[in-house]
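*Asks:* Pasting a structure below so you can have a look.
The values are calculated or read from the model by the stated rules, or taken from the named source; none is laboratory data. Since the model is a prediction, treat every value here as computed from it, not as a measurement. Reconstructed Cβ throughout: ideal geometry from the backbone, glycine too, with neighbour counts over all protein chains shown.
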């Protein structure tokens, strides 16, 4: 790259984005330079608007520009089932499936001791409070609105660690704890499935 400090700074900042390597960052930087003069201004305004208007929902911690997010606001969704997601972006994929009509709770990460991320760094305390607050007293008989919690976390070491921790913390509530199934993707060839995926597929097999 040419020794142009301003351009190098832009490439450096773009390369810090998830999934963006140095070469991609360079292509993006040169694209911005080649774009019409007002593009940089509109891009900057969009970034500034996001910083000013978007915040986490105080109920589920999804991103929103409303007082509470549209999923918490929707009265047609079930209060009896709660889906725990790792990041707000995961909700988009879950909603795209059309298979879930309950509520959400976003942890904003997973437990990862090697990265210095513990339970206190995530929205775990808020999840536990949310479950306990859902208990109601009806005719002196305790009931709970949340019947099931689905763990929709990645099938990796950090995801498994987080799920085990949450299951232990929620064990005394009596709420059903489940996790999304992992296994052979639809339309894939078994010849190309790795051992861990095959193991999960066999564990999550269904009766016909």
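*Asks:* From (1) free of Cβ contacts under 8 Å to residues at least 24 places away in the same chain; (2) within 23 Å of residue 85 (Cα to Cα), pick out the condition that doesn't hold for residue 21.
*Replies:* Every condition holds for residue 21 apart from (2).
*Asks:* Moving on. Of the numbered conditions (1) without any contact (Cβ under 8 Å) to a residue 60 or more places away in the chain; (2) under 26 Å from the mean Cα position of the chain (by Cα), residue 81 fails exactly one; give the number of that condition.
*Replies:* The failed condition is (1).
*Asks:* Sticking with this one: Hey, could you check the stretch 161-186 for residues that are farther than 27 Å from residue 135 by Cα and either in contact with a helix residue (DSSP H, G or I) (Cβ under 7 Å, 6 or more places away or on another chain) or at pLDDT 90 or above (or both) and say which is surrounded by the most Cβ atoms within 10 Å (Cβ to Cβ)? Outline the logic, then answer.
*Replies:* Taking the stretch 161-186 as the starting set, the residues that turn out to be farther than 27 Å from residue 135 by Cα are 181-186.
Then drop every residue that is not either in contact with a helix residue (DSSP H, G or I) (Cβ under 7 Å, 6 or more places away or on another chain) or at pLDDT 90 or above (or both), which leaves 182-184.
Numbers: 182: 16, 183: 18, 184: 16.
Among them, the one singled out is 183.
*Asks:* State all residues of the stretch 5-51 that are surrounded by 12 or more Cβ atoms within 10 Å (Cβ to Cβ) and outside any helix (DSSP H, G or I); if no residue qualifies, say none.
*Replies:* 20, 35
*Asks:* Quick check on residue 144: is it within 23 Å of residue 88 (Cα to Cα), in contact with a strand residue (DSSP E or B) (Cβ under 7 Å, 6 or more places away or on another chain) and at pLDDT below 95?
*Replies:* no
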